[in-house]
Each structure stands twice: as structure tokens, then as C-alpha cells.
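Remarks on the structure that follows.
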6 protein chains.
Amino acid sequence: MMGIDEHKKHAPKKISMAVLSVSSTRHLKNDKSGLWIKDQAEREGHTVVLHRVIGDDQVGISKAVFEAVQNPECQAILITGGTGITCSDVTIEAVRPLFSKELTGFSALFTMLSYNEIGSAAILSRAVAGLISNTPVFCMPGSFNACQTACKSIIFPEIGHIVKHALDR
Amino acid sequence: MMGIDEHKKHAPKKISMAVLSVSSTRHLKNDKSGLWIKDQAEREGHTVVLHRVIGDDQVGISKAVFEAVQNPECQAILITGGTGITCSDVTIEAVRPLFSKELTGFSALFTMLSYNEIGSAAILSRAVAGLISNTPVFCMPGSFNACQTACKSIIFPEIGHIVKHALDR
Amino acid sequence: MMGIDEHKKHAPKKISMAVLSVSSTRHLKNDKSGLWIKDQAEREGHTVVLHRVIGDDQVGISKAVFEAVQNPECQAILITGGTGITCSDVTIEAVRPLFSKELTGFSALFTMLSYNEIGSAAILSRAVAGLISNTPVFCMPGSFNACQTACKSIIFPEIGHIVKHALDR
Amino acid sequence: MMGIDEHKKHAPKKISMAVLSVSSTRHLKNDKSGLWIKDQAEREGHTVVLHRVIGDDQVGISKAVFEAVQNPECQAILITGGTGITCSDVTIEAVRPLFSKELTGFSALFTMLSYNEIGSAAILSRAVAGLISNTPVFCMPGSFNACQTACKSIIFPEIGHIVKHALDR
Amino acid sequence: MMGIDEHKKHAPKKISMAVLSVSSTRHLKNDKSGLWIKDQAEREGHTVVLHRVIGDDQVGISKAVFEAVQNPECQAILITGGTGITCSDVTIEAVRPLFSKELTGFSALFTMLSYNEIGSAAILSRAVAGLISNTPVFCMPGSFNACQTACKSIIFPEIGHIVKHALDR
Amino acid sequence: MMGIDEHKKHAPKKISMAVLSVSSTRHLKNDKSGLWIKDQAEREGHTVVLHRVIGDDQVGISKAVFEAVQNPECQAILITGGTGITCSDVTIEAVRPLFSKELTGFSALFTMLSYNEIGSAAILSRAVAGLISNTPVFCMPGSFNACQTACKSIIFPEIGHIVKHALDR
């Protein structure tokens, strides 16, 4: 029988992933950013095995991430929303402390690409990525444009390599 | 009666702010970088309600920042100086641990813009920004050029949005 | 008699440094990246007083770094390898917690320069720099190209200033 | 409609709680310590609304704790097992970082009471308690005697007050 | 001219101290615990140079502590109140992160002595002590009995030694 | 061939250990506390394979600890000195951040036993214990009496069990 890691290691190019939208107003049907990520992922040959909307609640976000990490079908987790600086934005506060390793370059690269698109407003967004127990997890803003930047320019081109490396000894 | 947050939330475009210069040699009259920030802020329609010079002392810096955070007139705090890597540079060590949320993009963006101006010497400077109890706080180097880069290209164009977001529920 | 710091402060332009390669397969003779750093450093007028290969072991890496920090001949430490995201990559986990001050710009700048060279694959690499007891320490990936980027574009042009600043009061 | 906190605040004397046993060998039927906690809690008038056995897995433990925190029926969480110092003991490593406030006295008091019973072997056990999002969580060793000490002498006599205080404004 | 540390080092037996009461309901005249600490301190030959009541506000508490640390007349700081586990109890959260060294024994000893007096209810109280920039700072509960335990049995008998040690090279 | 852990696991009752004295004035011949620990350990059947005096220097202490951790002959490390609260006391600051697991009960138990011997002066001493890469490390004060308390009452009676547990899977 294959353990979780063995299961995940298969299929380095075509990844099966979870899409979690953090929002207290959206739901699955009108989750524009989450649905776009799902569609785009499938267009690139990946599979979205889980699509959920989670409220702006720190414990709820952490729990949803842990569930996806433990799900043997989820080789990677993409989270959108809750990364701003208002009081209710707690995605980064919920997820970052759980990283065993942080992909330090993701945050800087996302800021740089955002700056090229929207100028100095880029500093209003926050984005982080890292590993939780060998599963790569990405947190990106909830805005449609930010998701496009993060997914098209960074995450989808590299997701296969990242999943593979994260499971290597 | 309006609480501190209510007071601060008004005036999203024209901000009233504190300018703190960290230096053991400068004083208010010859604080070139601090005075430039003050003048430039006012030229852009903002108000500087507080301009102080603070010595290179970790406790003194923290205390001055807390005082400004508690001042209902201060919607944002701009700190210049003490961000290098010599022994007496302790601004970042004093301020960063107080952030409830860090604007992670500010540091990366400042480094990138500095690199475009001065090349690899950009890594000798450090810059961070974040929220302390809903008040945005920016730490930038003491050099005149670094202040121009940080203020003109990043802080002044976004300070209104940042103040507004930081107070949103 | 000069203390360690006094000794290190001399020679601001020509630096004497340690090169540590983290790898469980390489040895001194075939350590391509380490040997290139050594040669390039000497070509630029610096001296490499120590060249070692250390296994992928967190305690072993920390100990080797402390030994170099305590060596009065080592004004700076360049570490290559062990910065990826596989299970055995622990260089950053071993070294970063030891920093008294982090050169926060190094990580962002390295990511940006890597992005210009290899595109989004830049986020698979990690790089950090900081001070341990007044000695600058740089962690960069083990790949030959990443070492060239980090050393030629960032570290070697600035190493003299960084060593000098790190020892200034 | 009552929110989670409102629900939990009722019944300050009779508490409804979760009992989580961390073990890779036990199961619900032979979970001696967990079953004793359950029986003793009920004998004292409390209710055990959840009794689970969780493997020695850091992510799995965190997830189970978050699930119980989010369960409106769980006013408190008692965890037994996985608190020693062997490689597979990760309960404290999984739970402690999640505390918003730690009950610092619980650890010291448990050590003192254990010392009175088993002498210096008390330092082989670890015990911590704290709040996760207003829910008190206690981690105690898996041994039957340690559970008796922690529950009879500390937790059960105070659980009502602790639940009430944790929900007070 | 004596610096702050020189000033503080004099008078190892008779200490001049600040008493800060954290409370959103008390004021100086009815601050029973604060007034008792003040009277008892003076009865033991010490001087209370500052007595303030501060609201349950994390920034306000930190600021008041920094002010007292910078006051050359304050050789030590005694804080009472805000150490429980309700939402508004934030004294320990405000003060502990500022310690450069923690007196780890104070917390354990206070718990033990409290246990001898009030039994298991001792775990509802929290108490910590440490140094902020060479000034000893003690946080104890706001209840009258807890202050008596902390001051009579631990703080007053040792305050002279602690102040002296904290200033020793 | 046995790895380090295999080597250390043998001899659960008779332990081979390192004794490190942190002091800027003592040397091996007049290191009263260190020599007593060595003699007492041997009297109880253990072996001291390493006895060193290290100056009050944070990097030097960390390096010495890492060397002992990597030494396959050292099944445990006992450190005496540098645990007070003067500026030069940095043993705990050097060692505690290196723990992968802390034996949280050691600090509380040492304080309690010290209190029974010297009363409230117990809070002037600090003591911590934990694991660094499977090797138990104990930090205790430099005073002769404190070493007797820590070693006779806590460390020597349990050192065999602790070494065994720390290596268990």
C-alpha cells in the first residue's frame, strides 16, 4: 500500500490540487477567483480534487489547510483571499506559522510582478508559499488579477517541480 | 466622541502623520532626510503633526513609536534612519517585533527600486513596514536618496489606501 | 593584541573568507561550485582561508559556521548548497536562526536576478544573508549558475562594504 | 442564534469536553487513560462529547484539535499522550504553537505534583495548557498515573472557572 | 555625569521603583493592590517614584513600561493586573516579548506559592519577570492576595540583588 | 558500523558525558563546580569524556555545544555557569534556541528545589534542559551548591532514562 507521500509523488507534471477561497461573502457558485483557478488548472492538465470557500476565521482556515494536507489526493494547495491588511484578513496569519519550510522567493517575486502591473499598490497585497508536511501551499490575494499573476506567471509553470522536490529525500 | 480608530479613518486621501528620525548626531534643524519627508508630505497635501529626532537606542525608539501610535492625530508613522547593519543600527530590531501584520511587499519592493538606482549596494539597506494596532509604520534608511525612493515611489502614492484598509473591518 | 573584530576590520577591500559547501555527495576535489567561488574570489583579490565540504546535517552545518565565525582569519562566510526544498536541504534552517541581523534585501534581490535568468523556476531556490556576531554570512544554492548570480552580481561587489559596516559601532 | 462562544459560555460548572488520545498503538476500546478521563469526567458531572484516538502525527494532531475547537459542543479539550521526549512524541510541538495565551502555571504545577509522586522522573514528562480561540486545551502525558494527577488535582477542580474566564471580555 | 545605568546601580538595598496597575476600572485612589504595593515597598525602605493606572490596552501598557525603563529614577518596575486569561488580559502579551532575559524561576515559584495558598486555582493566574534593557520588570496578578504573595515572598526580599546583578557586567 | 545514535543508545545506565564550564575567570584546574560534577558523575558510574572551560561568549558556547553533540562519545552534555542575569551571562541565550525539544519540567523543578534550600534567592538562578539532535543538554548555574542540587537531585538519577528515551523512535 502506498503512503500519502508515495501517492503524491506520482504524476510530477499533472498535479491534483485543492483550491481554497477565503471569504465571508463569496460562495462556491460566485467564487470568481477560485473558479478561474480551477478552470485554468484543468486547462493546463492538472486536476482540482477539492474546491471550498472558508470564512475569514483563523482557526477555520488552519483546519481546512490541515484537512487538505492530510488528503492523499491533494498534492498541492492553492489559497486565494484573506491576504490583505484589514482586520478580517487572517489567511497569512493562519497559514505561515504552519510552514516547515518557506519558499522565500515566492513573496518577493509576486510583489515584483504585481509592481510591474499595478505599480506601488503592490505593497497592499501579501503572498506567501511554503511546505506543510511535504505539501506545497500557496497563499495569494483574492482579487482576480492577482490570482492570474500568481498562477500563470509563477505557480502553474513550477507546480510540478515543486511537488516533486518537496517529496525528495 | 470618536475613538482613535474613528478619528484616524477620516481623511483617506490627506493623511496626518508622524516623521521620526533615528540618529545620534542629527537634530531637528539639520535633519535633512526628516525635513525633506516633512516638506514633500505637505507638498502632496498631507500633514506632519509630529517631527522628532530619536537617538540610536532600542527602548527609546520603541517608546517613541508607541507614543505616535497612541496619538489620535497620527494616522501613519514614517521612520528614517537606523536601518543599516552597523552595531548601532537598531530601528528594525526595535520596530519589527511590534508589527501585528507586516506589509511583506514593502521590503522587497524597496530593495528592487534601490537596485535599479544604486545596483548591488541595495543589499546594505534594510526597510520594513507593517501595522501596529491599526497604524501603518514604515522604516526606511536615513540616507536622503533612500528616503526619496521609499516616499516618492511607494509610500506617498499608497498611504491613503493603506490607512483606510488598516482601519477596515 | 588585536581582538577578532579588530583583526577583521582591517582590509576593507580585500577580504579573507571561508567557503563552505553543503553536500552529502561532493568532496573538495569535485566541488564545482565551491571551487568556482574560491577561484573567482581570488581573481577579484580576495583570499579564501578555508574551503570545506559539510554533509547535509543541521548540527554539522551550524558547528562549521560557528567555527568560521570564531576564526579571526574569516571576515565573511559564503555557503553554497542545501538551500532547496527537499527534506535534506537544511542549510537555511541551520543558519538563519543564528543571525543577529538579517540582510533582508539579499533574498529578494537574489530572487529577482534569478527570475531574470531562469524565469519562475527562481522560486525553487532560496537564499539568505545576515550577520552572526559581526561576521557576514551568505547562503546561496549549490547550483553553479546560482553561485555565479549571487557572487558576481551581489556578494563580491559589496563584500568589502558589508564587512566594514558590520564592524562599525 | 447563539455563536460558538455564547454556546460555550453556558454551563460554567458542568463542562462538555473532548478527550483526544495521541497514540499509534492504542484504539478506542483499549485506550485506558482516555477511558479513565472520560469516566472520571462524567463522574464529576461533566460530559465527554468526543473521544478519539489520533496517531503520533503532527499534522493529524493539529487538525483534530482545530476540529474540536470549532465544535460548539466542546468547551474544553483534554489531550493525553505524545508529550514525552522520544522522536515520535510530537503532541506539544503540534499544540503549543497554536496557543493564543498559555496557562504558564499548569506546566510548573504538574511538574511539582509529579515530583511529589515519582521524584526526579517528573522531568521526563511534559505538560502544557493554553487557549486556542477561547477554548482551553490541556496536554498531559499518556500514562495512567500522570492523567490522574493532572485531572484530579488540577484540571477537573478548575475546568469550570477556566472555561468561564476564557470567554469573558 | 552618571548615565542611567550608573544612576540605577547605586542603592542596591533601597530601591526606587515604579508601580503600574493595569485596569480599565480602577483609578489611583481606589487602586487597592497598587496602593498596598506602594505602602509595603515604603515600609521596607524602598521608594515608589511612579504610581500609575493604565487601561487594558496592549500598546498603552508597552508604552508605559518603556517610559518607566527610560526613567533614570526607576530601578525596577512592578506591574499588577491584566495577567489572567480573559480577552482583556494583555499585560503578559504586552510585556514578555520585550524581555531581553527572562527570570524563568519567577513564574514557577509564584505558581508554587500560590498553590500552597489557594490550591489548583493557582493555574488561573499568570506571572512573569525579566529584564528590559537592564531594568527588572515583574508582572503579577491584580488580586490583593496575589500581590502579597509575589511581593512579600519573592520580589521585596530579592529586589536589591536583582537590580545589582542586572547592572553588573 | 554504528552511527552516532546507535553508539549513544548503548549503556543506558552508565552514561558517557561532557562537562562544559562557562566562565571567563576559571580554568580546568580550579573549576570547582566542573570538577565536582566530573568526580560525582564518575562516583555514580558514569564517564566524563570531555571537560572544558569556555569563556562567556555566545558564539563560543554554541560551538562547544555543537562539538559535543557531534562527538559520538558524548551521550549527554552538562553545562555549568553563565545562567544568571548579568550582562555577561549568556549560556541560556546561546543554548536554549538550539533545543528541538525542551524538558520543560527541569526549570520548574530546579527552581522549586533551590527555593527549599535558599528561599526566594532561587529566582536569581536560571536553569534549562532540552534535546539537541537527540542529545540531552542541561544548563545549570555555576555555583557549587546549585550544581549539587541539579545533579544529585535531578540529573544523575534520571540521566540514563533520558538518554534512552531521547534516542527512542
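Overall, chain E carries a charge dipole of about 260 debye about its Cα centre when +1 sits on the Cβ of Lys and Arg and -1 on the Cβ of Asp and Glu, all other atoms neutral. Restricting attention to the protein assembly as shown, close to 30% of DSSP beta bridges with both partner residues there are antiparallel.
Each peptide in E:39-48, B:74-83 gets a packing score, the mean of other Cβ atoms within 10 Å over its residues, and the list from highest to lowest is B:74-83, E:39-48. Just the Cα atoms of segment E:16-167, one point each, no solvent: what log10 I(q)/I(0) does Debye give at q = 0.14, 0.16, 0.18 Å⁻¹? Here the Debye-derived log intensity ratios amount to -0.59, -0.79, -1.04. Ligands, DNA and RNA excluded, the heavy atoms of F:Ile92 present near 10 Å² of accessible surface to a 1.4 Å solvent probe. For segment C:16-167, the share of accessible area belonging to carbon and sulfur comes to 48 percent (1.4 Å probe, ligands and nucleic acids excluded). Distance from the alpha carbon centroid of segment B:23-99 to that of segment E:14-40 works out to 33 angstrom. Between 0 and 90 degrees, the angle of helix B:156-167 with respect to the longest Cα principal axis of chain B falls at about 50 degrees. The residues of chain C have, on average, 36 Å² of accessible surface per residue, using a 1.4 Å probe with all protein chains present. Per the accessible-area calculation with a 1.4 Å probe, the total area buried between chain B and chain A rounds to 1800 Å². Only helices enter the 222 nm calculation for chain E: every DSSP H run of n ≥ 4 contributes -39,500 (n - 2.57), and dividing by all residues gives -12000 deg cm²/dmol, rounded to 500. Computed from Cα positions, the angle between helix D:104-118 and the longest principal axis of chain D comes to roughly 40 degrees.
In sequence order, segment B:22-29 has phi-based couplings of 9, 6, 9, 10, 6, 9, 3, 6 Hz under the Karplus curve 6.51 cos²θ - 1.76 cosθ + 1.60, θ = phi - 60°, and Gly or Pro positions carry x. When A:Lys13 is represented by a point 7 angstrom out along its Cα-to-C-beta vector, the spacings to that point in the other copies are 5.4, 5.4, 6.3, 7.0, 8.5 nm, nearest first. Counting only other chain Cβ atoms within 10 Å of each residue's Cβ, the peptide C:152-162 averages 3. Net charge in the neighbourhood of F:Ser88 (other residues with Cβ under 12 Å of its Cβ; Lys, Arg +1, Asp, Glu -1) is -3.
Dimensions of segment B:105-161 from C-alpha coordinates, computed as largest minus smallest value along each principal axis and given longest first, are 34, 19, 18 Å.
Remark: spin-label model distance F:Thr47-B:Ser88 equals 5.5 nm, labels positioned 7 Å along the Cα→Cβ axis. With its label point defined 7 Å out from Cα along the Cα-to-Cβ axis, B:Pro157 lies at 2.4, 2.4, 6.5, 6.5, 6.9 nm from the matching points of the other copies, in increasing order.
Within 10 Å of the Cβ of each residue in D:81-88, the mean number of Cβ atoms contributed by other protein chains is 5.
Summarising the strand pairing of segment B:16-167, around 30 percent of its internal DSSP beta bridges are antiparallel. Counting, for every residue in F:106-117, the Cβ atoms of other protein chains within 10 Å of its Cβ and taking the mean gives 6.
Amide H contacts under 5 Å for E:Val48: E:Met17, restricted to partners 5 or more places along the chain or on a different chain, H placed in the peptide plane at 1.01 Å from N.
In order along segment D:66-74, the phi-based Karplus estimate (6.51 cos²θ - 1.76 cosθ + 1.60, θ = phi - 60°) of 3J(HN,Hα) comes to 4, 4, 5, 4, 7, 6, x, 7, 9 Hz; Gly and Pro are listed as x.
Once you divide the Cα radius of gyration of the protein assembly as shown by 2.2 N^0.38 Å, the number left is 0.92. FRET efficiency for the B:Lys29 to E:His161 pair, using the beta carbon distance and R₀ = 41 Å, is estimated at 0.35. Structural descriptor for chain D: relative contact order 26 percent, calculated from alpha carbon pairs under 8 angstrom and at least 6 residues apart.
The values are calculated or read from the model by the stated rules, or taken from the named source; none is laboratory data. Note that the structure is predicted; figures quoted are calculated from it, not measured. Ideal geometry is used to build each Cβ from the backbone, glycine not excepted, and the neighbour counts take in all protein chains shown. When the accessible area is computed, the model is the full protein with side chains, heavy atoms only, and any ligands, DNA or RNA have been set aside. Shrake-Rupley method; radii C 1.70, N 1.55, O 1.52, S 1.80 Å.
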